[in-house]
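Here, each number is a calculation from the coordinates, and none is a lab measurement. In this text, all values refer to a predicted model and were calculated from it rather than measured experimentally. So basically every Cβ, Gly included, is an ideal-geometry build from the backbone, and we count neighbours across all protein chains shown.
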C-alpha cells in the first residue's frame, strides 16, 4: 500500500505523488510514515525528508513547517523546499564551511539565528547528497 504525499511551499506545490514510505525531519527527531499510520500533526525542522518510491529513496530538503498525517495522506506545509536530483558534494562541503564561518563570526542574536539556519540548510544538503550517492 502507498501513502499520498503532498509538499506545499508558499509559492508552489513541490511534491505530489504516492510513496511507499516517508521519513520526516520532525522537531523531535526522524519520523517514519507508512500506510495505515495513525492521524498525526507534527512540527518539522530544517532537514531532509526521504520518500521511498519503487524501493528507491528520493531526498527533499524541507525548510521547516508542519505535517499532517490522516487517511493515508501526508500534507506537508513548509516555509520552503528543495527537490534534489543531483548535488555536488564538493560544493555542499564548501557551503557548510562558509556557514560554519558565519556562525562563528555572528555577534548579534539576529546574526546567530540566520547563521544557524544557514548551517542547518548546508548540513541538510550534505545529507541529501549522501542519499543520492548511495
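Remark: relative contact order (the chain) = 23 percent; criterion is Cα-Cα distance under 8 angstrom and separation of 6 or more residues.
Could you check how many percent of all C-alpha pairs in the chain are farther apart than 27 Å? Taking all Cα-Cα pairs of the chain, the fraction more than 27 Å apart is 21 percent.
How would segment 57-113 be classified by its alpha-carbon gyration tensor: rounded, prolate or oblate, with rounded meaning a/c under 1.5 and the a/b versus b/c comparison settling the rest? It is oblate, given that a/c is not under 1.5 and a/b is not larger than b/c. Pairs of Cα atoms under 8 Å, at least six residues apart: use those to get the relative contact order of segment 89-132, whole percent. Over segment 89-132, the number comes to 48 percent. As a rough footprinting exposure proxy, the listed residues 73, 6, 50 were ranked by other beta carbons within 10 Å of their own, and the order from fewest upward is 73, 6, 50. Our compactness index for segment 89-132, the C-alpha radius of gyration over the empirical 2.2 N^0.38 Å, is 1.18.
As a check on your grasp of the helix formula, calculate [θ] at 222 nm for the chain: sum -39500 (n - 2.57) over DSSP H runs of n ≥ 4, divide by the residue count, round to the nearest 500. For the chain, the value works out to -10500 deg cm²/dmol.
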